[in-house]
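Let me begin by presenting the structure, written as structure tokens, before commenting on it.
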Amino acid sequence: MMSITNIIPGEHPWRTMLDASAVLTTGTIFREDASTDESRQFQGGYIREIGGNIMRDVIQEALAKGLLDGFGEDDYHLGTMLRGIAFLRKGALAPGTNDLAGIPKWRHQEIRLVKELVPPDILLNAFAEEYHHSFHRPYGGKHVPQGFMWGVLLGEQMIDVYDYYENVKGFYARVVGTRYDDRPENLKTLHVGDEVYLLREKENPNDPDAIRVVSIEGKDLGYLRRTLAEMLAPRIDKGLHISAHVSFIMDCSLGIDCPDHWLYLRLRLQP
């Protein structure tokens, strides 16, 4: 099989990928003169398919810190891993965790890469979302059981997950139900950093703990997930104030199931 370095000459295949004009314009992993057949021999194919536009800062920082030096040209999972790191740093915890769950083997270089580039509070936030049933999937990854993954990344900090939402002052959360009614169109009016409002719906016939998310113009965007709402609703009813801002809006060109993973918020709790 032709190697990455044969397709993109350079001292380090990932440095060359970052510097190539194709990355800055179209987001492709390989040189524009590389054939599609050559490109698709490799996992990921095109970097646009693994989130090239959101990965650029992550790759630059990884290169500057020497975090890619332990990876070889056969480590095809590195692209997906960098995408997962980029998602996590932006608060898109579900797709970020999903990408890391697909890592076939956790070695020192994989552990160091994640721990150096993802703040520990975000890692704990992602594990809390997993543990408290945000992602709607069985506990455990496609290759390595996720309990092992979180163990090597968090260590003893894992024990903070049990009462995470009772103690934390701020965290990232996904908005659910974004595929229904006028919400897909309403989401198109949002930008990262926009403030949104959380509205308690005590009279909601389907869930008395429901917390609806609306834009500052009052447009319906969806709900906080049920298992999170049931932890927050009683505290809101007792006077807890929660501010919310858009942290990430999924670009559907990244190959993610956008209706389920479209909108992410940064929540701050103010008693």
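Read-outs throughout are calculated quantities, based only on the coordinates presented, and are distinct from any laboratory measurement. A quick note: this is a predicted structure, and the numbers were derived from the prediction, not measured.
Scanning residues 5 or more positions from Ser247 or on other chains, those with amide H under 5 Å from its amide H are Gly193, Tyr264, Leu265, Arg266, with H placed 1.01 Å from N in the peptide plane. Oblate is the label for region 146-271. Its Cα gyration tensor axes, ordered a ≥ b ≥ c, give a/c of at least 1.5 and b/c at or above a/b.
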